[in-house]
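One structure below.
The values are calculated or read from the model by the stated rules, or taken from the named source; none is laboratory data. In this text the structure is predicted, and so the values were computed from the model without any measurement. Glycine also receives a Cβ, built like all others from the backbone with ideal geometry; neighbour counts cover every protein chain displayed. Surface accessibility is based on the protein's heavy atoms, side chains included, excluding ligands, DNA and RNA. Shrake-Rupley method; radii C 1.70, N 1.55, O 1.52, S 1.80 Å.
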Amino acid sequence: MKMKRQTIWLLTMLSLVVVLSVYYVTTPDQMKTAGIMNMTSNNSLDSTPSNDTNKNDDGKETTSKEEATNEVFLKQRMEQEDKRAQLKEELQTTIDSATASAEEKSQAFTSLKELQTLTALEADVETMIKESGYKDALVRADSNEVNVSVKSTKKHSKAAANEIIQMARSVLGEKLVIVTFQTK
């Protein structure tokens, strides 16, 4: 029995999600709670970057807020990938179903293609934002709204937020765009 390319791709992505989930679950709880507390203090446009550093057991300095922001971005990406993988699996099940009507299969196929297109467009916007000088970006779009989280060392301004909004709208269309800056 030959497996379809989409099935292989889906299994590969699910394996990746499992590996990342195991990694996240096995990280120390202290890092997880520090990440959540630091995230809440870094979500406003007017926040100023601080240089909180800690010395670990080796005497090396680590930036706890940067690690927390990285962890928050990773967690949000994983959640988004999990939701999309589950939705793709449901749509694929409908497409492969023997009991589904031709119209249901067609709608599921169309929805699956739209989801794949949306995922690619989000990646394009993230790349554009990173290329304009920001450390990292996370774009989450749905039918009427786009949430953009940007990790930056730059000074936050309305002009910078407007520039990001215009980038997102140029790729994703005229949707409500919400920009959140997170400093390290």
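At-a-glance table
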item	result
Rg/Rh (Cα only; Kirkwood hydrodynamic radius) as it applies to region 107-184	1.01
Region 65-184 - percent relative contact order, Cα under 8 Å, separation 6 or more	24 percent
Accessible-area composition of region 118-184, carbon plus sulfur, in percent [1.4 Å probe]	50 percent
Surface per residue (accessible, 1.4 Å probe) for region 82-184, Å²	54 Å²
Surface accessible to a 1.4 Å probe, Lys4 within the full protein complex, Å²	120 Å²
Label-to-label distance, nm, for residues given as Ser106 and Asn147 (7 Å Cα→Cβ offset)	3.5 nm
Region 102-113 - phi-based ³J(HN,Hα) in whole Hz, Karplus 6.51/-1.76/1.60, Gly and Pro as x	4, 5, 5, 5, 5, 5, 5, 5, 4, 4, 5, 5
Rounded to whole Hz, the Karplus (6.51, -1.76, 1.60) HN-Hα couplings of region 4-13, x for glycine and proline	6, 4, 5, 5, 5, 4, 4, 5, 5, 5
